[in-house]
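Asks: Before we start, here is the structure in question, set down as structure tokens.
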Amino acid sequence: MQQRFLDPQILAGIANLELTAKTVVEGFVSGLHRSPEYGFSQEFAEYRPYVPGDDLRYVDWNVYARAGRLYLKRFRGETNTRLTILLDRSGSMGFQGRGLRKIDYARYLAASLGYLAHQQRDAVGLIAFDDEVRDYVEPSSRHGQWLKVLHAIDRAEPGRRTDYARPFWHFQQFLRRRGIVLVVSDFFAPARDVISTVAPLRQRGNDVILMHVLDPEEVEPELESPRVLIDMETGEEMEVHPAYASGPYRDRMRRHLEELESLAQGAGMSYYRSLTSEPLDEALRRYLAVREGRP
């Protein structure tokens with residue numbers, strides 16, 4: 001039943017982005033333990049997986065009985081950090097095939113992960129970009145900060161072409177403390193260009209997470225007849241035949257995804273892929289996995 005409320009198509013029916021984020025996070029948390037309120041007590045902040053050497057006094061045995069895995073409770077004051085979300089709002093993010101529009105799915109991801117960080121009293125900030133920085137909210141944990149971030153996410157609509165260099169240069173000029181950098185994008189650029197642009201953030205000690213958002217139709221297109229496809233950022237047209245879509249195109253996409261993941265991991269970044277048809281709680285699991293053991 002809970003999985004149904006984490007389905008992106010159903011969440012699309014909720015008009016309020018803050019309510020959507022709350023629904024995703026609390027639905028995810030209630031899947032970890034018996035009470036949906038248990039995860040947001042006055043002191044509790046988050047779970048992390050047990051690793052050998054951890055103090056067994058902090059193991060939640062109720063979760064172990066339910067899930068068969070050991071998790072430690074972490075408390076506020078232990079987990080505070082800075083989360084900066086870089087949200088791609090370029091033209092290609094407006095594509096919609098078999099799932100939601102990519103920009104809508106990306107906004108759900110950004111809002112849900114931002115809400116989770118806010119609940120943990122982390123400083124949350126946002127950069128929305130295409131070929132320029134279109135919105136910038138500096139990370140903060142002050143009163144009212146979450147609404148600023150939420151409004152910036154809500155304003156993000158597909159714009160112009162993608163240019164990773166400018167927003168990442170902009171971010172580095174204001175980077176005063178290390179933290180978590182979450183990039184939500186479709187990464188329609190050469191893999192080496194993406195990684196070389198983002199790598200300086202990792203080299204300065206940040207935990208960098210690349211959240212790759214794609215429509216299922218972009219990964220495995222299904223064409224019954226030839227179509228003229230239009231580039232959503234350049235307006236260029238190209239006739240595509242079913243044989244090309246099912247053969248060479250899929251091979252090129254597979255190589256791009258493999259190269260991006262390999263280069264990201266080689267640079268010390270975390271890389272995860274999300275299809276717009278997938279439940280959003282997967283993103284929360286990935287985010288918590290990255291935070292494992294990192295105060």
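Asks: Is it fair to say residue 92 is in contact with an Asp or Glu (Cβ under 7 Å, 6 or more places away or on another chain), at pLDDT below 90 and of a type outside the set (Val, Ile, Thr)?
Replies: no
Asks: What number goes with the only condition from (1) aliphatic (A, V, I, L, M); (2) under 29 Å from residue 236 (Cα atoms); (3) part of a strand (DSSP E or B); (4) in contact with a helix residue (DSSP H, G or I) (Cβ under 6 Å, 6 or more places away or on another chain) that residue 181 does not pass?
Replies: Tallying (1) aliphatic (A, V, I, L, M); (2) under 29 Å from residue 236 (Cα atoms); (3) part of a strand (DSSP E or B); (4) in contact with a helix residue (DSSP H, G or I) (Cβ under 6 Å, 6 or more places away or on another chain), residue 181 fails exactly one: (2).
Asks: Checking residue 189 against (1) touching a residue at least 12 places away in the same chain (Cβ under 8 Å); (2) out of contact with any strand residue (DSSP E or B) (no Cβ under 8 Å at 6 or more places or on another chain); (3) small (Gly, Ala, Ser); (4) not in a loop (DSSP other than H, G, I, E, B), which single condition isn't satisfied?
Replies: For residue 189, the failing item is (4).
Asks: State whether the residues of the range 67-82 include one that is among the small types (Gly, Ala, Ser), surrounded by fewer than 24 Cβ atoms within 10 Å (Cβ to Cβ), modelled with pLDDT under 95 and assigned to a strand (DSSP E or B).
Replies: no
Asks: Turning to a different aspect of this structure: Any residue in the range 245-253 that is within 29 Å of residue 8 (Cα to Cα), assigned to a helix (DSSP H, G or I) and modelled with pLDDT under 85?
Replies: yes
Asks: Further question on the same structure: For the range 200-221, how many residues meet the condition of being touching a residue at least 60 places away in the same chain (Cβ under 8 Å), out of contact with any Phe, Trp or Tyr (no Cβ under 9 Å at 6 or more places or on another chain) and either assigned to a strand (DSSP E or B) or closer than 12 Å to residue 182 by Cβ (or both)?
Replies: The total comes to 2.
Asks: With the checklist (1) modelled with pLDDT of 75 or more; (2) out of contact with any Phe, Trp or Tyr (no Cβ under 8 Å at 6 or more places or on another chain); (3) outside any strand (DSSP E or B) in hand, flag the one item residue 24 doesn't pass.
Replies: Of everything listed in (1) modelled with pLDDT of 75 or more; (2) out of contact with any Phe, Trp or Tyr (no Cβ under 8 Å at 6 or more places or on another chain); (3) outside any strand (DSSP E or B), residue 24 misses just condition (2).
Asks: For the condition closer than 17 Å to residue 265 by Cα and surrounded by 13 or more Cβ atoms within 10 Å (Cβ to Cβ), what is the one hit in 198, 213?
Replies: Exactly one of 198, 213 is closer than 17 Å to residue 265 by Cα and surrounded by 13 or more Cβ atoms within 10 Å (Cβ to Cβ), namely 198.
Asks: Filter the range 282-295 down to residues that are part of a helix (DSSP H, G or I) and surrounded by fewer than 21 Cβ atoms within 10 Å (Cβ to Cβ) and give me whichever is modelled with the lowest pLDDT.
Replies: Of everything passing the filter in the range 282-295, 290 is modelled with the lowest pLDDT.
Asks: Then there is this: For the range 98-148, enumerate the residues that are farther than 21 Å from residue 281 by Cα and outside any strand (DSSP E or B).
Replies: 130, 131, 132, 141, 142, 143, 144, 145, 147, 148
Asks: Right, here's the next one. Just wondering, is there one or more residues in the range 272-279 that are closer than 25 Å to residue 177 by Cα and surrounded by 14 or more Cβ atoms within 10 Å (Cβ to Cβ)?
Replies: Yes, there is a match, as at least one residue in the range 272-279 is closer than 25 Å to residue 177 by Cα and surrounded by 14 or more Cβ atoms within 10 Å (Cβ to Cβ).
The values are calculated or read from the model by the stated rules, or taken from the named source; none is laboratory data. Note that this is a predicted model, so its numbers are computed, not measured. Note: ideal-geometry Cβ built from the backbone for every residue, glycine included; neighbour counts use all protein chains shown.
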